[in-house]
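Asks: Take a look at this one; I'll ask things after.
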Amino acid sequence: MSNFCPGSIPAHILEQTRKHPCYSVEVHHQFARMHLPVAPGCNIQCNYCNRKFDCVNESRPGVTSEVLTPALAFEKFRWVKEKIGELTVVGIAGPGDALADWQYTRQTIERIKAVDDSIVFCLSTNGLLLPEYAQEIVDVGIHHVTVTMNALDPEIGAQIYKFVSYQGKRYQGVAAAELLCRNQLAGIQYLTERNVLVKVNIVMVKGINDRHIPDVVKKVKALGVFITNIMPLIPAPGSAFEHFAQTSMKEINEMRNLCELDIQQMRHCKQCRADAVGLLNEDRSSEFRMCNNPDNQAPEPPVPRRQYRIAVTSKYGRLVDQHFGHAAEFIIYQGDGREFKLLERRSVHKYCSGMEECGEEEAKRESTIRTVKDCQAVLTMRIGQHAKEKLAEQGTQSIEYCDSVENGLRQAVKTLVEQDAAVRKGEKAG
């Protein structure tokens with residue numbers, strides 16, 4: 001294992017790095033980046049994370065106001081690129097984990113790369129699936145990867161991670177932390193040995209991993225990591241750590257100063273949203289939400305158009321602002337993408353009673369799924385993997401979105417139309 005050596009990195013990758021505002025502090029006010037939220041799934045539960053809470057004015061990892069398909073992400077890229085000339089970087093930072101939905105991550109990058117080979121691509125991951133996808137990351141031409149790694153010691157990691165889902169099995173406690181760390185270390189080493197510049201993010205949680213962070217930094221330095229980013233805990237509402245004190249910047253900078261003796265430190269991180277757009281100090285994500293895209297106002301194809309039935313989870317019927325598992329009713333709409341009619345409201349048992357653990361009996365959960373069996377899609381702010389899979393088994397697509405019901409319905413139909421077209425194309429090719 002060797003330390004990072006700039007001389008060993010090809011010149012074109014170093015040139016990309018000079019245009020990457022997260023990796024090069026000198027250019028963070030010159031070049032813009034955009035995060036495309038195409039990867040909603042996640043395979044671990046961090047005690048500081050709650051992706052079900054969203055606010056358009058909030059900035060932290062895991063927050064997004066929309067989840068996009070690769071096709072919509074490509075549209076958004078072209079729109080932003082046209083408006084922001086200094087855009088140089090496209091990143092996938094969730095809102096879950098970029099590798100947990102690798103097929104969407106890869107499709108998005110390949111679509112953009114096909115039309116613009118000047119863009120620098122990067123992704124963020126918890127590292128659990130790095131051993132599985134590291135070679136594909138190299139093959140697709142991603143040269144910048146961020147891995148969030150909070151502990152080496154499994155006893156410490158067990159206090160940070162509630163569970164890890166891996167290869168169909170759920171791990172908890174020390175076993176979960178041990179598995180995660182092992183995969184992180186193996187994946188990081190594989191990437192650095194193949195000229196991928198790895199940045200390691202570390203969330204500093206007072207009283208848990210703060211004294212352990214120098215050990216993490218020394219270890220990843222030995223693996224050839226390019227830079228580390230020690231970040232303050234942001235207590236997210238609804239998370240296990242929501243009542244923890246936010247780590248002060250004084251404490252963060254003291255830790256950075258200590259660790260800088262081993263490896264360079266990132267000091268300009270903004271802990272960005274999963275749909276961030278623009279310069280690091282000027283987030284324009286609200287401006288570039290897809291519902292504001294003028295192209296979405298273009299005339300639709302002439303009738304006849306297919307009618308789609310869509311179930312919506314909404315607290316008051318105006319916004320798509322409710323988690324699937326917390327919904328006590330579904331609002332059923334039918335429409336063609338231009339006009340929609342409210343058909344009915346269907347009461348159901350709540351699919352999930354807690355933030356991560358579903359406590360309803362299996363029969364009640366099955367009943368909830370069957371309630372929307374006649375719907376082509378469920379439009380919801382967030383949905384768990386278990387419910388998503390159950391819906392898919394009966395042919396109901398789950399679409400995550402956070403906006404008005406009206407805009408969400410249009411977006412849902414657009415997604416369904418694209419999927420129908422892809423199926424027909426596949427059948428024709430077959």
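The values are calculated or read from the model by the stated rules, or taken from the named source; none is laboratory data. All values reported here derive from a predicted model rather than from experimental measurement. Cβ coordinates were reconstructed from backbone atoms using ideal geometry, including for glycine residues, and neighbour counts include every protein chain displayed. All accessible areas refer to the heavy atoms of the entire protein, side chains included, with ligands and DNA or RNA removed. Shrake-Rupley method; radii C 1.70, N 1.55, O 1.52, S 1.80 Å.
Asks: Would you pick out the residues in region 227-239 that are of a type in the set (A, V, I, L, M) and either touching a Phe, Trp or Tyr at 6+ places or on another chain (Cβ under 7 Å) or surrounded by fewer than 22 Cβ atoms within 10 Å (Cβ to Cβ) (or both)?
Replies: Matches in region 227-239: I227, M231, L233, I234, A236.
Asks: Tally the residues that are open to solvent by less than 60 Å² (accessible area, probe 1.4 Å) and part of a loop (DSSP other than H, G, I, E, B), restricting the search to region 154-177.
Replies: 0
Asks: Also: Residues of region 178-195 being over 21 Å from the mean Cα position of the chain (by Cα) and open to solvent by less than 30 Å² (accessible area, probe 1.4 Å), which ones?
Replies: Correct list: L179, T192.
Asks: Among residues belonging to region 213-226 that are in a helix (DSSP H, G or I) and open to solvent by 20 Å² or more (accessible area, probe 1.4 Å), point out the one that is nearest to Y23 (Cα to Cα).
Replies: The residue in question is K221.
Asks: Right, another one. Given L180, L185, L128, which one is at pLDDT 95 or above, touching a Leu at 6+ places or on another chain (Cβ under 9 Å) and in a loop (DSSP other than H, G, I, E, B)? Before the answer, list the steps.
Replies: Numbers: L180 fails: in a loop (DSSP other than H, G, I, E, B); L185 fails: in a loop (DSSP other than H, G, I, E, B).
That would be L128, the only listed residue that is at pLDDT 95 or above, touching a Leu at 6+ places or on another chain (Cβ under 9 Å) and in a loop (DSSP other than H, G, I, E, B).
Asks: Here's something else I'd like to know. So in region 33-57, with the set limited to residues that are basic (K, R) and either modelled with pLDDT of 90 or more or in a loop (DSSP other than H, G, I, E, B) (or both), which one is nearest to the chain's Cα centre (by Cα)?
Replies: Step by step, filter region 33-57, then rank; the result is R51.
Asks: Another one. Got at least one residue in region 231-242 being aromatic (F, W, Y), part of a loop (DSSP other than H, G, I, E, B), touching a residue at least 40 places away in the same chain (Cβ under 8 Å) and over 24 Å from P21 (Cβ atoms)?
Replies: The first filter runs over region 231-242 and keeps only residues aromatic (F, W, Y), leaving 241.
Restricting the remaining residues to those that are part of a loop (DSSP other than H, G, I, E, B) gives 241.
With touching a residue at least 40 places away in the same chain (Cβ under 8 Å) added as a condition, the list becomes 241.
With the extra rule that they be over 24 Å from P21 (Cβ atoms), the set shrinks to 241.
There is at least one residue in region 231-242 that is aromatic (F, W, Y), part of a loop (DSSP other than H, G, I, E, B), touching a residue at least 40 places away in the same chain (Cβ under 8 Å) and over 24 Å from P21 (Cβ atoms).
Asks: Also: With respect to the numbered conditions (1) touching a Gly at 6+ places or on another chain (Cβ under 9 Å); (2) at pLDDT 90 or above; (3) farther than 22 Å from G395 by Cβ, which one is the sole condition not fulfilled by Y308?
Replies: (3)
Asks: What's the total number of residues in region 82-102 that are assigned to a helix (DSSP H, G or I), surrounded by fewer than 18 Cβ atoms within 10 Å (Cβ to Cβ) and either hydroxyl-bearing (S, T, Y) or touching a residue at least 12 places away in the same chain (Cβ under 8 Å) (or both)?
Replies: Total meeting the criteria: 1.
Asks: Could you look through region 382-429, keep only residues that are over 20 Å from T368 (Cα atoms) and small (G, A, S), and pick out the one that is most open to solvent (accessible area, probe 1.4 Å)?
Replies: A429
Asks: From the list V198, V220, pick out the single residue that is more than 19 Å from the chain's Cα centre (by Cα), in contact (Cβ under 8 Å) with a residue 40 or more places away in the chain and under 21 Å from D97 (Cα atoms). Even if it seems obvious, please write down each step before you answer.
Replies: Numbers: V198 fails: more than 19 Å from the chain's Cα centre (by Cα).
Exactly one residue qualifies, and that residue is V220.
Asks: Which one of these does C352 not meet: (1) modelled with pLDDT under 90; (2) open to solvent by 50 Å² or more (accessible area, probe 1.4 Å)?
Replies: Tallying (1) modelled with pLDDT under 90; (2) open to solvent by 50 Å² or more (accessible area, probe 1.4 Å), C352 fails exactly one: (2).
Asks: Identify all residues within region 155-190 that are among the aliphatic types (A, V, I, L, M) and under 16 Å from V220 (Cα atoms); write none if there are none.
Replies: L180, L185, A186, I188
Asks: Out of the residues in region 246-255 meeting the condition of being open to solvent by 10 Å² or more (accessible area, probe 1.4 Å) and modelled with pLDDT of 85 or more, tell me which one is nearest to V216 (Cα to Cα).
Replies: For region 246-255, the residue satisfying everything is M255.
Here's the yes/no breakdown for (1) outside any helix (DSSP H, G or I); (2) open to solvent by less than 10 Å² (accessible area, probe 1.4 Å); (3) modelled with pLDDT of 90 or more:
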site: S59; (1), (2), (3): yes, no, no
site: F74; (1), (2), (3): no, no, yes
site: R78; (1), (2), (3): no, no, yes
site: Y104; (1), (2), (3): no, no, yes
site: A134; (1), (2), (3): no, yes, yes
